[in-house]
1. Is there a residue being assigned to a helix (DSSP H, G or I), over 14 Å from V42 (Cα atoms) and open to solvent by 50 Å² or more (accessible area, probe 1.4 Å) anywhere in the stretch 134-153?
2. Of all residues in the stretch 101-133, which are part of a helix (DSSP H, G or I) and without any contact (Cβ under 8 Å) to a residue 12 or more places away in the chain?
3. Any residue that is touching a residue at least 12 places away in the same chain (Cβ under 8 Å) and not in a loop (DSSP other than H, G, I, E, B) - is there at least one of those in the stretch 78-86?
4. Of everything in the stretch 72-131 that's closer than 23 Å to R30 by Cα and of a type in the set (D, E), which residue is surrounded by the fewest Cβ atoms within 10 Å (Cβ to Cβ)?
5. Looking at the stretch 13-27 only, could you name the residues that are modelled with pLDDT of 95 or more and among the polar types (S, T, N, Q)?
6. How many residues, within the stretch 41-70, are surrounded by fewer than 18 Cβ atoms within 10 Å (Cβ to Cβ) and assigned to a loop (DSSP other than H, G, I, E, B)?
7. Quick one: in the stretch 126-143, of everything that is touching a strand residue (DSSP E or B) at 6+ places or on another chain (Cβ under 8 Å) and farther than 11 Å from L5 by Cβ, which residue is modelled with the lowest pLDDT?
8. In the stretch 48-71, is there at least one residue being modelled with pLDDT under 90, of a type in the set (V, I, T) and more than 13 Å from the chain's Cα centre (by Cα)?
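The values are calculated or read from the model by the stated rules, or taken from the named source; none is laboratory data. Worth saying up front: this structure is predicted, and the values here are computed from it rather than measured. When we count neighbours, we look across all protein chains shown, and the Cβ atoms used for this are built from the backbone with ideal geometry, even at glycine. Keep in mind that these areas ignore ligands, DNA and RNA; they rest on the heavy atoms of the full protein, side chains included. Shrake-Rupley method; radii C 1.70, N 1.55, O 1.52, S 1.80 Å.
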Amino acid sequence: MSDFLLDLRPQGCRRLQGAADALRFASDTRTVIIDRPAFGLVIAYTGDSALWAPYRADSCSFVAVAGRAVFDEDEWDAAATVEGCGGLAAKIIHGRIQENGVAALHQVNGNCVVIVYDAHEQLVHLVTDSCGVFPAFEVEAPEGRLYGSHPDVLADAANERHRLDESSLA
């Protein structure tokens, strides 16, 4: 299982560690917290870090995948030769972006959400599963927007738990 929380509020408003703790549903769940001035991100994933961990490029850009993306065998093999810390899935997506720009994000298949930080442009890209299999929710808090895969964790992070629409969630 994989999950994410993307918090675009000022750093002083974020509760990233609390979200990371709340997104650990099993003992083998790994969490990564990235806290930058413009955004905070929590990625929780299970499985091999060599496959699913976020990738940080030399340019300070990064790619994170929540869920499971699908790639061809030759892409997996090529990603194994890419230098740097991170999982093969994120390295594949980073390579695609380097080759084809952000339009490559719309070609990612699978049940996943992809978060990309372009350090050069100082932009965050969030691409959701076009088939709707992997959930992504949004909260507009007074301080800014938050996105996440788990509505109760998202509500807690946004301090909006008291306003849950339990009928819709059911």
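1. yes
2. Listed by number, the residues that qualify are G101, A103, A104, Q107.
3. yes
4. E83
5. Q17
6. 6
7. In this case the residue turns out to be C131.
8. Taking every residue of the stretch 48-71 in turn, none turns out to be modelled with pLDDT under 90, of a type in the set (V, I, T) and more than 13 Å from the chain's Cα centre (by Cα).
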